[in-house]
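S.K.: One structure is given below, represented as structure tokens, and several questions about it will come after.
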């Protein structure tokens, strides 16, 4: 048990909160809100949930994830060049690229919600959700050594 | 998938859809699930064990069999206007079928095979049960216009029962070589033409006119009865012909089947004349029927022109055509037509679902059939890939649309309180569409990232610089790959010349992606590897062969010694034989490492290393004189080849197993100077002498010596062995030999041989692994004169009519022998100092039986030239290496 274990723990926990939060909202909150609330209140609740989640993303998730991620990569000896190497480097690069795409989708979701384009907002939300599951998949594919 | 159905059940009862619809909805979700899995398996391809086999069976046994089970029962009920059988039992059948399927897939792909056999048994049981249910329904129903269809379903079920049984036998590796191939051919024919073909033909009588929206033609019933009467017995005859290796019987049976299929197709053609196909479902089904006829014609030609043993291999190119062109299209066409009806929800909903499912059907149909043509024509690789892409895209499009339709109907089935249903388009549209788009976008992004991550994954190999090149001969035969381990310096560019020396087909696939095509008997292929970086695994991808031991490893030099601390490597740094490397000096084909944890299988048919010489079994006559002075020196660090290709350290007297032979007559005095030139304490014990053990048999330290003097008072074949405890280890290590004292009246023999039999325990002598095996009495093999199967590779010579005397001693340590010569009874047997049988006696003997440490001899006369095996008739021990050959030439 070293401090690095704590850093790794923070990285995994923060990712779990983010992915798990999205899953909970999509699979639990949203269907219940559809069934139990009328249109107006549902929109209100979902907007509030979205805003809170956005604040969490910007204030906690992204800083923790980027900070711990960079630290872990530094400790691992990852360089810009090594990101092109087959194996660990390339998997990490793919994971980072997918993560960026997910962030873009999440950003688009926020914008589309505000701009009153519910279809695009929903599509982007699901894209972000599926993409972040893909990030987890790639994270588990990283060689352990 | 099944969760979809469960939700329906849990929905408020007021809005629950009719029970039958929900049952079929749920069941078809399983079919769609298997189809999706088929696409996944096709995409994963090489990453899976036995990819071809898996693809075929996930599709046929998973998707198609499930669909047939559901629909043949449903149609039977509908056509007979019978009461629906208890849904609980129908679901049980479905569950058992799927469990059996999973067991078969797992058992064959990763093993062990009994799992697959049990799975096949479950499938056969379910299908027989299914047939019984259908028969019962017919019996109970009133006579009707459609009863004839059920006969096809029952015959189809019978076919799967036969095919599943054959499949179980294949999984259990019953039958090798040509017999295996015939079994394979029969399995494929009866399942595809019987289970799938008969079901489809039977269904089409009613389904085809429905799809065309026309009336069933006159004479359908007559055509159906005539067709089934030809097709079912024809198929049975064809399968029996294939199994019994009777080509013309098989061809005749198949011709009868084809005639039956043609008779059945007549009303279908008539229906087309009445109404042209105009829907996606109709065109898809029509295309499927055409492919079926094409495949049947080709099949007939192949069976008629090839011996049954080669049919399976010749039909290989037909597989994509049958699987995709016929089976997949029938399934897609039927689902296209039936799913909207099953999903229910009123005429408007039906129309909407049908429109959704048929979206872009013309393009999908064209893509799929273009793909089938490409696959069937065996075009070059890039075009072949395009063919697969077309097929996969078409199937995937259907799966996505079907899932969308299923999800939509589920959304409908769950009523909403509160939420007002918007009038335009329905909730399914507005809620489902963007989410679906999002899922697709997320999946595409993830797939792209995975592809990027996986490219060039073989990793370090690319950074290894080539340092040289070697060619290694690799042989596939008898459920093993030889050499099992290839060792070469890192950076070597290896070229493997792979030859299939077996009677059945094999291939070789390496973990780095290189693979040979499926090789028929005697065929060869060449693989050139990237510069060697890390250990590379290789195996045969034919179902079950990897589990049966067809594996190999390519290891960078030094990695072998590093990976195991097995002392064997330390004792023999050059461990291995170079038998297969024609012109190489470095690429070594090492024996499997007995110190490794994995159990080692002896490959007694493998060649010995070049330069290997068998222990000379010829027994020289006793030297003259009554006094014999001998020096015997312990050498416990010598490495010898104890079985073909397996070299390991042994403990020896004078460097050989068995030690030197002492021979004399009664009354001779032997003065043995025993020198311990070994690395640990040893002693010696001559059974032929009569001495107090305390002195001469004492254990002496390395470097010491003692004099062991004994007078041979009794005739016989005597054992001598190391007298140091634990004796099991010293004897199993190789420290034994024979003293032969001739009986006074010993007649002349033309040839005399001596066989000392001992157990073979692989591993470092005295090492934990070997000691455990010795203690538990689990030898890895048995040896005549220190080598398992040595005299199979270097036969003993004799001439017909000569009197041959075979002296034998059983060294153990724990098993004796039942020495027997195949084809030549003994006329003289002398065991433990007495004749049991003499030449001229009326009796004969078949075995010279010796308990551990006993000895004797047997005599025989070979009647005619030939090859006569000499075996320990304890067959386990014979097959474990206590086996040799006499090559008898003309006098």
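S.K.: Please tell me if residue B:522 is modelled with pLDDT of 75 or more, outside the structural domain of residue B:768 (by TED's automatic domain parsing), farther than 18 Å from residue B:484 by Cβ and touching a helix residue (DSSP H, G or I) at 6+ places or on another chain (Cβ under 7 Å).
M.R.: In short, no.
S.K.: Looking only at helices (runs of 4 or more DSSP H) that fall completely inside the stretch B:49-132, which ones have 1 or more residues that are in contact (Cβ under 8 Å) with a residue 40 or more places away in the chain, crowded, with 20+ Cβ neighbours inside 10 Å and within 18 Å of the chain's Cα centre (by Cα)?
M.R.: Those helices (runs of 4 or more DSSP H) span B:51-57, B:87-109.
S.K.: Select from the stretch A:81-97 the residues that are at pLDDT 80 or above and facing another protein chain (nearest Cβ under 8 Å) and list them in ascending order.
M.R.: A:90, A:91, A:93, A:94, A:95, A:97
S.K.: When the stretch B:369-388 is examined, which residues are found to be exposed (fewer than 12 other Cβ atoms within 10 Å of the Cβ) and part of a helix (DSSP H, G or I)?
M.R.: B:381, B:382
S.K.: Then there's this: Only one of these is in contact with a helix residue (DSSP H, G or I) (Cβ under 6 Å, 6 or more places away or on another chain), modelled with pLDDT under 85 and more than 30 Å from residue B:703 (Cβ to Cβ): B:543, B:548, B:606, B:595. Name it.
M.R.: Within the list B:543, B:548, B:606, B:595, the selection yields B:543.
S.K.: Do you know which residues across the stretch A:33-55 are surrounded by 14 or more Cβ atoms within 10 Å (Cβ to Cβ) and away from chain B (no Cβ under 14 Å)?
M.R.: To start, the set of residues in the stretch A:33-55 that are surrounded by 14 or more Cβ atoms within 10 Å (Cβ to Cβ) comprises A:33-37, A:42-43, A:45-46, A:49-50, A:53-54.
Passing the criteria: A:49, A:50, A:53, A:54.
S.K.: Would a scan of the stretch A:115-132 turn up a residue that is buried (at least 21 other Cβ atoms within 10 Å of the Cβ), under 21 Å from residue A:11 (Cβ atoms) and more than 7 Å from chain B (Cβ to nearest Cβ)?
M.R.: yes
S.K.: Which residues, taken from the stretch B:825-840, are within 20 Å of residue B:801 (Cβ to Cβ) and part of a loop (DSSP other than H, G, I, E, B)?
M.R.: Within the stretch B:825-840, B:825, B:827, B:838, B:839, B:840 qualify.
S.K.: Among the residues of the stretch B:211-224, which ones are modelled with pLDDT of 85 or more and buried (at least 18 other Cβ atoms within 10 Å of the Cβ)?
M.R.: Listed by number, the residues that qualify are B:211, B:212, B:220, B:223, B:224.
S.K.: From B:309, B:234, grab the single residue that is part of a helix (DSSP H, G or I), touching a helix residue (DSSP H, G or I) at 6+ places or on another chain (Cβ under 7 Å) and modelled with pLDDT under 90.
M.R.: The conditions single out B:309.
S.K.: Given A:104, A:136, A:70, which one is farther than 25 Å from residue A:43 by Cβ, within 11 Å of the chain's Cα centre (by Cα), more than 8 Å from every other protein chain (Cβ to nearest Cβ) and in a helix (DSSP H, G or I)?
M.R.: Numbers: A:104 fails: farther than 25 Å from residue A:43 by Cβ; A:70 fails: within 11 Å of the chain's Cα centre (by Cα).
After applying the criteria, what remains is A:136.
S.K.: Suppose we filter the stretch B:694-729 for residues that are assigned to a strand (DSSP E or B) and over 53 Å from the mean Cα position of the chain (by Cα); how many remain?
M.R.: 7
S.K.: Here's a follow-up. Check B:587, B:582 and return the single one that is modelled with pLDDT under 50 and surrounded by fewer than 22 Cβ atoms within 10 Å (Cβ to Cβ).
M.R.: B:582
S.K.: Moving on to the next point. Could you please find all residues in the stretch B:496-509 being part of a strand (DSSP E or B) and either touching a helix residue (DSSP H, G or I) at 6+ places or on another chain (Cβ under 9 Å) or modelled with pLDDT under 85 (or both)?
M.R.: The answer is B:509, and nothing else.
S.K.: Right, next: Somewhere in the stretch A:7-27, is a residue surrounded by fewer than 17 Cβ atoms within 10 Å (Cβ to Cβ), within 13 Å of chain B (Cβ to nearest Cβ), in a helix (DSSP H, G or I) and free of Cβ contacts under 8 Å to residues at least 60 places away in the same chain?
M.R.: Yes; the residues of the stretch A:7-27 include at least one that is surrounded by fewer than 17 Cβ atoms within 10 Å (Cβ to Cβ), within 13 Å of chain B (Cβ to nearest Cβ), in a helix (DSSP H, G or I) and free of Cβ contacts under 8 Å to residues at least 60 places away in the same chain.
S.K.: Turning to a different aspect of this structure: As an exercise: evaluate residue A:30 against (1) crowded, with 17+ Cβ neighbours inside 10 Å; (2) closer than 22 Å to residue B:448 by Cβ and give the number of the one condition it does not meet.
M.R.: Looking at each condition in turn, residue A:30 falls short on (2).
The values are calculated or read from the model by the stated rules, or taken from the named source; none is laboratory data. Treat the numbers as computed from the prediction; the structure is a model and nothing was measured. For neighbour counting, all protein chains shown are included, and Cβ atoms are generated from backbone atoms with ideal geometry for every residue, glycine included.
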